[in-house]
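> I have a structure here, written as structure tokens, and I will follow up with some questions on it.
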Amino acid sequence: MNRFSLFSIARKILAAAVFPENCVVCGAPGDGGPEGLPLCGRCFGKIQRPAPVNVRCGICGCQLISEKNLCMECRKRNPYAHLKRAYPLFSYQGWGRELLSAWKGGEKRSLSPLLAAILAEAAEEVFPGIPIVPVPPRPGKIREKGWDQVAELSALIEKRFRYPVLRLLRRTGAVQQKQLNREERLSNLKTAFRFCPPKRGSPVPDTALLLDDVITTGATLDACASVLAENGVAAVYGISLFYD
């Protein structure tokens, strides 16, 4: 069995609840699903293994329907100038939108270990041995909100799954990207990140895997990839939970 198996990891890190809360996605009485999670069995069953690489676009990573190799959008315009390829796990539609809303907007942090497990397994399968570089939060976010989703996922992946995580980036701008249109996002991101050398004189990795929670336009990942490339990282890939 893969040591990053979703079910085995969830079983080890989450104790079954004697009186589980209601499902954080649909609100139905929680039965904990198979793993004592804050989900009903029906919603837990929707969390399936991500589509394999061979049925995804070779650039943006979205699941292909009838195309081969590249989706229609990426054939028209490659969204990335610096990122080699993205691998978002799920579509931000239906249950995916509800799950993300419960986790981020509803601050249901009890879902974080499960989401970290899914990401750790996917990273091990698709990008084995490549260290994760988390997309950093805007200045002041953790102080204001009490947590940052990507920072929490990165910490869980590093500590519980012993996956290499390098925090090589810092965000300098405080403007939230979701408040901007595409042109404004691109302009804002040109100077939004700076490079932080590895600690204790460790070498800069040849390859890196950027981690974000949601990919919308891809501008954030590409801006981060640009900074890493300028500082010696030869190949940069991206992984996220959802794509919009």
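The values are calculated or read from the model by the stated rules, or taken from the named source; none is laboratory data. Predicted model only: the values in this text are computed from it and were never measured. FYI the Cβ positions are ideal-geometry reconstructions off the backbone, even for glycines, and counts take in every protein chain you see.
> Would you check which residues across the stretch 209-244 are touching a helix residue (DSSP H, G or I) at 6+ places or on another chain (Cβ under 7 Å) and either under 16 Å from residue 81 (Cβ atoms) or acidic (Asp, Glu) (or both) and list them?
210, 212, 213, 215, 217, 219, 220, 223, 236, 238 - these are the residues of the stretch 209-244 that are touching a helix residue (DSSP H, G or I) at 6+ places or on another chain (Cβ under 7 Å) and either under 16 Å from residue 81 (Cβ atoms) or acidic (Asp, Glu) (or both).
> Going by the conditions given, is residue 162 within 20 Å of residue 202 (Cα to Cα) and at pLDDT below 95?
Working: within 20 Å of residue 202 (Cα to Cα): yes; at pLDDT below 95: yes.
For residue 162, the condition - within 20 Å of residue 202 (Cα to Cα) and at pLDDT below 95 - is met.
> Can you find a residue that is in a loop (DSSP other than H, G, I, E, B), of a type in the set (A, V, I, L, M, F, W, C) and modelled with pLDDT of 90 or more anywhere in the stretch 191-203? First the steps, then the outcome.
Residues of the stretch 191-203 that are in a loop (DSSP other than H, G, I, E, B), as a first pass: 191-192, 196-198, 202-203.
Still in the running and of a type in the set (A, V, I, L, M, F, W, C): 192, 196.
Add one more test, that the residue is modelled with pLDDT of 90 or more, and what stays is 196.
Within the stretch 191-203 (the criterion being in a loop (DSSP other than H, G, I, E, B), of a type in the set (A, V, I, L, M, F, W, C) and modelled with pLDDT of 90 or more), the answer is yes, since at least one residue qualifies.
> Counting only residues that are in a loop (DSSP other than H, G, I, E, B) and loosely packed, with under 14 Cβ neighbours inside 10 Å, which one in the stretch 176-190 is modelled with the highest pLDDT?
Applying the first criterion (in a loop (DSSP other than H, G, I, E, B)) to the stretch 176-190 yields 176, 180-181, 190.
Now narrow it down to the ones that are loosely packed, with under 14 Cβ neighbours inside 10 Å: 176, 181, 190.
Working: 176: 57, 181: 54, 190: 72.
Among residues in the stretch 176-190 that are in a loop (DSSP other than H, G, I, E, B) and loosely packed, with under 14 Cβ neighbours inside 10 Å, the one modelled with the highest pLDDT is 190.
> Residue by residue through the stretch 94-113, note down the ones that are aliphatic (A, V, I, L, M), in contact with a Phe, Trp or Tyr (Cβ under 9 Å, 6 or more places away or on another chain) and over 16 Å from residue 215 (Cα atoms).
Of the residues in the stretch 94-113, the ones aliphatic (A, V, I, L, M) are 99-100, 102, 111.
When the remaining residues are screened for being in contact with a Phe, Trp or Tyr (Cβ under 9 Å, 6 or more places away or on another chain), the result is 99-100, 111.
Hit for the stretch 94-113 is 111, nothing else.
> Right, next: Do you know which residues across the stretch 79-129 are acidic (Asp, Glu) and surrounded by fewer than 21 Cβ atoms within 10 Å (Cβ to Cβ)?
If we filter the stretch 79-129 for residues that are acidic (Asp, Glu), which is where we start, we get 98, 107, 121, 124-125.
Matches in the stretch 79-129: 98, 107, 124, 125.
> Identify, from the list 225, 229, the residue that is within 25 Å of residue 92 (Cα to Cα) and either modelled with pLDDT under 95 or crowded, with 16+ Cβ neighbours inside 10 Å (or both).
Numbers: 229 fails: within 25 Å of residue 92 (Cα to Cα).
Result of the check over 225, 229: 225.
> So, one more: Failed condition for residue 30, given (1) within 24 Å of the chain's Cα centre (by Cα); (2) modelled with pLDDT under 85, with all others met?
(1)
> Of all residues in the stretch 62-99, count the ones that are modelled with pLDDT under 95 and either aromatic (Phe, Trp, Tyr) or at positive phi (or both).
Qualifying residue count, the stretch 62-99: 5.
> Kindly evaluate residue 131 against the criterion of being more than 24 Å from residue 57 (Cα to Cα) and under 15 Å from the mean Cα position of the chain (by Cα).
On the way: more than 24 Å from residue 57 (Cα to Cα): no; under 15 Å from the mean Cα position of the chain (by Cα): yes.
When the stated conditions are applied, residue 131 does not pass them.
> Which condition number in (1) surrounded by fewer than 17 Cβ atoms within 10 Å (Cβ to Cβ); (2) over 13 Å from the mean Cα position of the chain (by Cα); (3) at pLDDT 95 or above; (4) not β-branched (Val, Ile, Thr) is the one that residue 155 fails?
Answer for residue 155: the failing condition is (2).
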